Amino acid sequence: MMIIKLGGSALTIKDATEPTIDEVNLDRIAEELSYYSDDMVIVHGAGSYGHIHAKKYAIGDKITNAQENLYKIEGLSRTQASVQLLNYIVVTKLQQRGIPAIGVKPSSFIITENKRIAVCDTGIIERYINEGFVPVLYGDAVLDLNDDIKFAILSGDQIITYFANALKADKVILSSDVDGIYTDNPKTNPDAKLIDIVTKDTQLSLTENEDRADVTGGMAGKINELLELAENGIESLIINAETPGNLKKAVSGKEVKGTLIK
Ligand code: IP8
């Protein structure tokens, strides 16, 4: 079974001031995924459909008075509606390419505690896989058991690691808009080099949130999630979804350029 994350930055125009789909990329990505040959779960990021709202309403920050509480309630409902719309667009596109995609809303069955998944029934996803569907989950805004914050942003990266562990995934692919992990930020430093293999002992010079449009920690957040997975014996591969052919190779079991986290 394969779990594949589609980065929000590949599906949407992430730095846009309002939710905007990257139509060309989405269409190509859906076409490439149609070559899948194994059980598959897709988790997509929120891109401009989630991070703009999440940042505006500061979901996950402490709530200190009734007015803030009302503002956060408005924020949670708007964020959920926005990412659900993105999921609908992605699922529809996958279906058009012949993939039996089924959108599953994470906030309807997942609750976090201090921003980590605490309540989650994976049975429904397993059942869909067994019936031949490709479940499509996504980064969402969820209820949190901690009464100080009440709500949290649940990144698709955390969903990936949770389900990879719970469903004992054979393969975890994380696709983003870069080729993998670099020695430095490749967008600002032309001398940055791609690292083939990252382990918990690899020294990385990543800041916690180098991507201003991303409230869930950018690449540093992803690596932390994947290193946790590696500790449980599940390797994952970071690849570039914007390089044509990469996702097709990944879902058809061929070798792809990227960084292996082990
Ligand atoms: O793009 C974030 O998910 P991610 C979810 O996978 C929201 O980090 C609602 C911003």
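The values are calculated or read from the model by the stated rules, or taken from the named source; none is laboratory data. None of the values given here were measured: they were computed from a predicted structure. Note that each Cβ is placed from the backbone with ideal geometry, even for glycine, and that neighbours are counted across all protein chains shown. Remember, those area values only see protein heavy atoms, side chains included, never the ligands or the DNA or RNA. Shrake-Rupley method; radii C 1.70, N 1.55, O 1.52, S 1.80 Å.
Ordering LYS5, LYS14, LYS150 from largest to smallest accessible area (1.4 angstrom probe), what's the sequence?
Numbers: LYS5 10, LYS14 35, LYS150 70 Å².
The residues order as LYS150, LYS14, LYS5, largest area first.
Taking R0 as 30 Å, what FRET efficiency do you get between SER108 and ASN130 from their Cβ-Cβ distance, rounded to the nearest 0.05?
Values: r = 20 Å, r/R0 = 0.67.
It comes out at approximately 0.90.
Taking the Cα centre of the chain as the origin, how large is its charge dipole in debye, to the nearest 20, when only Lys and Arg (+1) and Asp and Glu (-1) carry charge on their Cβ atoms? Please report the intermediate quantities before stating the final value.
On the way: 27 positive and 38 negative charges, 65 e Å.
Rounded to the nearest 20 debye, it is 320 debye.
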*Could you give the distance between the Cα centres of the stretch 7-56 and the stretch 68-89, to the whole Å?*
17 Å
*Over the alpha carbons of the stretch 1-129, what is the largest minus smallest coordinate on each principal axis, giving the biggest first in Å?*
51, 35, 17
*Once you sort the root eigenvalues of the Cα gyration tensor of the stretch 113-262 as a ≥ b ≥ c, which label holds: rounded (a/c under 1.5), prolate (a/b larger than b/c) or oblate (the other case)?*
oblate
*Points 7 angstrom from Cα along the Cβ direction at ASP147 and ASP201: gap in nanometres?*
4.7 nm
*asked:* Give me the extension gain from THR243 to LYS56: residue separation times 0.36 nm, minus the current Cα-Cα distance, reported in nm with one decimal.
replied: 64.2 nm
*Pair-distance profile P(r), taking every C-alpha pair of the chain, with 10 angstrom steps and integer %*: 7, 32, 38, 19, 3, 0
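On a 1.4 Å probe surface of the protein chains, which of ARG78, ARG116, ARG28 comes out largest in accessible area, and what is the full order? Don't jump to the answer; show the numbers that get you there.
Working: ARG78 120, ARG116 95, ARG28 45 Å².
Output order, biggest surface exposure first: ARG78, ARG116, ARG28.
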*Work from the charge dipole of the chain (Cβ charges, +1 for Lys and Arg, -1 for Asp and Glu, about the Cα centre) and give the residue of THR64, ALA81, THR243 farthest towards its positive end.*
ALA81
*Once the Cβ-Cβ distance between ASP38 and ASN232 is put in as r, and R0 is 22 Å, what FRET efficiency do you end up with, to the nearest 0.05?*
0.60
*For LYS150, list the aspartates and glutamates whose Cα falls under 18 Å from its own Cα; do not include residues on the same chain fewer than 8 positions away.*
ASP61, GLU68, GLU74, GLU113, ASP140
*Neighbour net charge for ASP61 - beta-carbon separation under 15 angstrom, K R +1, D E -1*: +1
_Sites matching GluC sites (Glu not before Pro) across the stretch 87-162 that sit in DSSP coil, with at most 13 neighbouring C-beta atoms within 10 Å_ = GLU131
*asked:* When a/c reaches 1.5 or more, the comparison of a/b and b/c decides; with that in mind, is the stretch 53-176 rounded, prolate or oblate per its Cα gyration tensor?
replied: prolate
*Pop a pseudo-label 7 angstrom from the Cα along the beta-carbon direction at both ASN65 and VAL24 and give the gap in nm to one decimal.*
4.9 nm
*Can you put LEU70, LEU194 in order of accessible area, largest first, using a 1.4 Å probe?*
LEU70, LEU194
*At 7 Å along the Cα-to-beta-carbon direction for both LYS257 and ASN224, put a label point, then send me their distance in nm to one decimal.*
3.0 nm
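When DSSP beta bridges are limited to those with both residues in the chain, what percentage is antiparallel, rounded to the nearest 5? Working shown, then result.
Details: 14 of 38 bridges.
Antiparallel bridges: around 35 percent, rounded to the nearest 5.
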